[in-house]
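Asker: Could you have a look at this structure, given as structure tokens, before my questions?
Read the figures in this text as sums done on the coordinates, not as results from a lab. On a predicted model such as this, the values are computed, not experimentally measured, just so you know. When we count neighbours, we look across all protein chains shown, and the Cβ atoms used for this are built from the backbone with ideal geometry, even at glycine.
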Amino acid sequence: MRTVLREGLLVAVSGTLLLGAATTVAAAGPWGAGSRKVSEERGLESYQEDLLDLAFRISSALPLQPHVKTRCRYQESAVATCLELHQPERAHQYANKIVNWRRGSSYADIAYYYARNDDLEQAEEFLKKAHEYASSMKIALGKDEEGEQPWRRGRILVKIARTYAWLGNGKKAAEYAAGAEQADTQELEVAAALKLDPDAFDAQVVAIDRVLERGGFDEIRPVLAACVELYDRFYEDADKRA
């Protein structure tokens, strides 16, 4: 019951924050895509700062045993909310307190935030942090071995690939995405859609149609996410929208 109550409160806190942000933060898409270099954080109302800290304290109040997965998932949600509110430094502080693989995942999200806001120095710094965390993970190769499941490292690596794709480094993106499970490539497909050259739109739609016709669920899911981004991005173009 306590876990359910905490989850409900955390969701309510995050929702309140994001609703409040709509009137105080001018964002050009998720995480302020391409808005400006973010050498300084954008100001928050005092109630927003209080709610952010409350959300993280609530998630951190869960005991590690037996709730480590739930606790870290909630903490990662608080990190994501910080990025929605353009608070990357606070997001970093929160991420440092996550004790499982979601710390590396959060570092990768922060790198992507900086990349989309044209702060390449910070993007590279957090790409390095995410890479180092992923490299340090002990992977369980057998059912009876201790360690993380391989897909968790894969999630981090795909997020790193997403940032390199955004930065236009296709070679690095391919290196990090290699071997990832198809179901984990959604982030990469979305980043590609956001950076797609308008002249390549028709070819991309043809490629998407092929996947939808022949692909399995794991192949189709990331492509559908990319479709949503393409629709939003080219909404003003009636021909492409149709």
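Asker: Loop only per DSSP, at most 11 neighbouring Cβ atoms within 10 Å: give me the GluC sites (Glu not before Pro) in the stretch 59-148, ordered by residue number.
Answerer: Passing sites in the stretch 59-148 are Glu145, Glu146.
Asker: Looking at this model, which pairs from Lys128/Lys240; Lys172/Lys240; Lys69/Lys159 are more than 28 angstrom apart at the alpha-carbon?
Answerer: The answer is Lys128/Lys240; Lys172/Lys240.
Asker: So which trypsin sites (Lys or Arg not before Pro) in the stretch 49-142 pass both tests, a DSSP loop state and at most 13 other Cβ atoms within 10 Å of the Cβ?
Answerer: Lys138
Asker: Rounded, prolate or oblate, given the Cα gyration tensor of the stretch 52-113, with a/c below 1.5 counting as rounded?
Answerer: oblate
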